[in-house]
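Each remark here refers to the structure printed beneath this line.
The values are calculated or read from the model by the stated rules, or taken from the named source; none is laboratory data. Here the structure is a predicted model, which means the values were calculated and not measured. We place every Cβ from the backbone using ideal geometry, glycine too, and count neighbours over all the protein chains shown. Accessible surface is based on the protein model in full, side chains and every heavy atom, while ligands, DNA and RNA are left aside. Shrake-Rupley method; radii C 1.70, N 1.55, O 1.52, S 1.80 Å.
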Amino acid sequence: MARYIGKRLLLAALMAVLASCVIFLIANLVPGDPVLAQLGDVAASDPAIVARWRAKWGLDLPLWERYGIFLTGLLHGDLGISIATHRPVLDDIRQYAPATIELATIAFLLSLVIGIPLGIAAAVRRDGWIDSAARALSLLGVSAPTFWLAFMMLAIFYGGLGWAPGPGRIDPIAFPPEGPTGLFLIDSIWSGDWEGFQDSLAHLVLPSIVLAAATIGLITRTTRAAMLDSLQQDYVRVSRAKGLHEWAIILRHALPNALVPVVTLGGLAYANLLAGAVMTETVFAWPGLGRYTFTSAAALDFPAIVGITLVVSITFLLVNLAVDLSYALLDPRVRR
Amino acid sequence: MDGSLTTPPTTTLDPPVLEVEDLRTVFLTDAGVVRAVDGVSFRVGAGETLGIVGESGSGKSVTALSLLRLLDEQARIVGGTIRFKGQDVLAMRPAELRAWRGDQAAMVFQDPMTGLNPVLRILRQVTEHIVSHGRMPPAEARQRGVGLLRRMGVAAPERAAASYPHQFSGGMRQRVMLAIGVANDPALLIADEPTTALDVTIQAQILDLLRGLNEEFGTAIVLVSHDLGVIASVCRRVVVMYAGEAVEEAATAEVLADPRHPYAWALVNAVPRLDAPIGARLTSIEGMPPDPLHLPQGCRFEPRCPFKIARCATEHPPMLEVAPGRRARCWVTADGRSLPRPAVPATPAAPAARDAAPPLLEARDLVKHFVLPRRSLFAPAEKVHAVNGVDIALGRGESLGVVGESGCGKSTLARLLTRLHEPTAGSVLFEGRDITHASPAALRPLRPRLQMVFQDPYASLNPRMTVGEILVEPILAHGRAASRQAARERVGELLTTVGLKPGFASRYPHEFSGGQRQRVSIARALALDPAAVVADEPVSALDVNVQAQVLNLMQDLQQRLGLSYLFIAHDLAVVRAFCDRVAVMYLGRIVEEGPAAEIFAAPLHPYTVALTSAIPEPGRQRVVLGGEPPSTLRLPEGCAFRARCPVARAACAEPPPLREVAPGRRAACHFPGDFAPHPTPVRSASLADHQRR
């Protein structure tokens, strides 16, 4: 088991180095010049200004030297300075990432908490009403466009019924909770700000449901299929012959075997939730990475783009590592 | 009522452990209601053993599942009663059923590879129902669990208990399954084909365990199997099933010696036996079981019955008492008469005397190692030592059997000889030419003369091609027909040759039964007039009667066409019935080779002794070999059989060469013939005794 973990860690580190290289190369080799985007037509027509600007950002150096500088910075936790905001990219990311991480994590937990039990119930009561309901819900979640769902939710539960608060992470007149993480739920607990916690949680409900909608559908369907397969295995019949209670058979024998594909999907889904919250963040005025990414890309802000991409790929790697480790926990045949 | 009977009043006070009356189970399918079990009655008392035998589709497994009400959703028990110690099982509510299952009545299933949960530790699986039935607290149950594993002969039980299923061989897993079954000392144990997936020496070990449970703890056992030999070595009584019905019920020895139902008669006589004269034809009946959706109005066996009388076609026979304690569902034997023994087969033509002519197909010191993918960058590459130096020669017109347990390298040998694999070392000669490293182009002209028949008639025929297309393909590919028309005519001939109708050419493989498909496979091998056919387990996927048909066909073809067969099999009786000469393989080497009759009459190598004696056949003295074959990843030093050999000595640290120890007989043993076990009294009545009457 220790060997397995060590092997996975080593592999993840290797992948991270490789990813940094690929990301840097792609960002620097794509056609598109930040000069025009940043300086404007008039200044960009003056070669002296352009040259000075290029020298300032190190764009006149050869590619390998720039990569060297980038790597050295990276090792010191420095992702460079954003061309657009003139702030260290890491500071920008530190400011925007917690909002996205909080939203994506809640959406992810929601997908698991709703998707897995619903999938199990649908498999156990196959072709019953709960199976049909789960199927309809999954189809709706997967196929409804995010922006439409987001507007509908806002229109109904905020505008119409007034059950949910409006866009944003907290009430506009409230102070954000003080804390080290930037995750409002955790920070408010940390600082003992009970009202801040309730307010943050209430603001998370609609956007996380919207963000999770598609993932809930996918996890429900995958769990159902895997459970149906698992329930047909011989060891389930053996468990019945042992006289075990039906729930013991489902939860202890069938479920652990069915979870492997669900974990695979879950890992991918979490990474996607982190990287793909742009639409939801826009509609819910959520100050997260998604919106920062969008503005950086529009400004051809290469240091910021490289930084974000790197953060996202490292998140992917970490999530994959978690998935690999869960495989080993779930299935002893993997532990080698 | 059809199928029911009045059982003679029992003198004992206790009700029998299991009493089944007129059980009826149906499958609800889209095509209609399939009567899978249609009127089966039997009883099993404490300490008794009952066998249920029949071919695939006869309803025997559905019967077994019905007994514990473990059927799938689309199956329903629609009639009859099942009583456990007088309790009505069919009336039990779900909670009662759960409390009863696994506690007083347990079941062991066929496939030990899938029956254990791969993600739970062995001990947990052995003990969870001890705890859930409230028999013991968890700590005590764990102790009992380890004890059960030890009792079932699991090596190093403490370590095994903490392991996961994938770390065990099939034989060990089946021991674990048995431990699970008997964990709560059930009064009734139902075993559904518990040894079918296992090798013959491992099968003997498991059957011994079952017998032990019955004798020591008085567990009533219902053993379901397609193999009469397995049943006969464990069960005193047997129910023979055909098309969902019990057709005969009697003491096992009586059925074997004097079957009273024509289907039981066919079953008994289709099995090749080790004590039959060499080269005797097997008795087989034509036709197939009736379509379960359209059962005949009269006797269900009537269309295939060699003994039928007028009444059979119109009137469905009930189970009738044909002799004291014997019941059969047959109008012919209703008056208590026996069925005639099968016509004594004409003495087979003496096998062609092997002259000094050079062999047709020959292997010299053949070696094949498969390199496994490395587990990590730095791990040494591991090798599977599949074949480790085999010398073998197939003469013209000869049939040579290669037998051994799974993993002994026999299938790899077949693939090396037909050059589907390229050997690691050694050489292969076909018709005197060295084809060891011949290129595909160089092999092409030879391929027609060296053909192969594979084990699985379902996987080896392309489901998207008609049988005609499958057979035309090789004929055209090798330019054996002037035109498509001529090729089609040849296909018609081929189908006739293997006993199928020429009109079948337009059908697809799925429209055929397993036996018919294997005939098509044989026709495909024959399409190019081969000199040699290498057949890898050609009958092991078939029911005994179909197996007899295919073996008889292959024997006829050999005589008519002068074929040579290399016949790979794990079933020794089949090899003995079919082959002139036999080679026994163990761990990639030939340990003994010689004429079939002599090897089976007086085996020389201890492994051959164990192998032949492990065949479950009534009236045989048995040697149960301990242990399992060593891993092929690291070959043992010295004699490969040393670790399991009952007569191993210091000298066995030297690998014994395969040398001639008697005229025409070779053995790789330092002490050939030393291992001759003392005869042990056999419990089940000997078949020979019955035949002498």
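Structure data summary
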quantity	calculated
Cα-based shape type of the protein assembly as shown, given that a ≥ b ≥ c are square roots of the gyration tensor eigenvalues and the cut on a/c is 1.5	prolate
Peptide A:229-237, shielding by other chains (average Cβ, 10 Å cutoff)	4
Fraction of accessible area attributable to carbon and sulfur, region A:95-301 (%, probe 1.4 Å)	70 percent
Gyration tensor verdict on chain B (Cα atoms; rounded if a/c is under 1.5, prolate if a/b is larger than b/c, oblate otherwise)	oblate
Of the DSSP H helices in chain A, those whose Cα atoms cover at least 30 Å axially and whose Kyte score averages 1.6 or more	A:2-29, A:302-330
Charge context of A:Pro165, other residues only, Cβ under 14 angstrom, K/R +1, D/E -1	-2
For the protein assembly as shown, share of DSSP beta bridges that run antiparallel, in % to the nearest 5	60 percent
Spatial separation of Cα centroids for region A:144-186 and region B:231-306, in angstrom	76 Å
Pairwise centroid distance, computed over Cα atoms, of region B:398-430 with region B:649-676, Å	22 Å
Region B:66-222 - percent of accessible surface contributed by carbon and sulfur, probe 1.4 Å	48 percent
Radius 9 Å from Cβ of B:Phe430, net charge of other residues (Lys, Arg +1; Asp, Glu -1)	0
Calculated [θ] (222 nm, deg cm²/dmol) that DSSP helices of n ≥ 4 give over the protein assembly as shown, each run adding -39,500 (n - 2.57)	-13500 deg cm²/dmol
Cβ-defined net charge surrounding B:Cys330, 9 Å radius [Lys, Arg +1; Asp, Glu -1]	+1
Region B:47-119 versus region B:447-490: alpha-carbon centroid distance in Å	45 Å
Lys pairs, chain B - Cα-Cα below 27 angstrom, 8 or more residues apart or on other chains	6
For chain A, alpha-carbon Rg over 2.2 N^0.38 Å	1.19
Solvent-accessible area per residue, Å², over the protein assembly as shown with all protein chains present [probe radius 1.4 Å]	45 Å²
Ranked packing of A:323-332, B:266-275, A:99-108, most packed first, by mean Cβ within 10 Å	A:99-108, B:266-275, A:323-332
3J(HN,Hα) from dihedral phi, region B:436-447, Karplus parametrisation 6.51/-1.76/1.60, rounded to Hz, x for glycine, proline	3, 10, 4, 6, x, 5, 5, 6, 3, x, 8, 3
Peptide ranges A:129-138, B:234-243 listed from the most packed, as the mean C-beta count within 10 angstrom indicates	B:234-243, A:129-138
Theoretical FRET efficiency, 1/(1+(r/R0)^6), r = Cβ-Cβ of B:Ser338 and B:Ala313, R0 25 Å, to 0.05	0.65
Residues whose placed amide H lies under 5 Å from that of B:Gly397, excluding near-sequence neighbours	B:Ser564
Cβ neighbours within 10 Å from other chains - mean over B:115-122	6
Accessible surface buried once B binds A (1.4 Å probe; total of both sides; Å²)	2300 Å²
For B:Gly51, distant residues with modelled amide H under 5 Å away	B:Leu223, B:Arg237, B:Val238, B:Val239
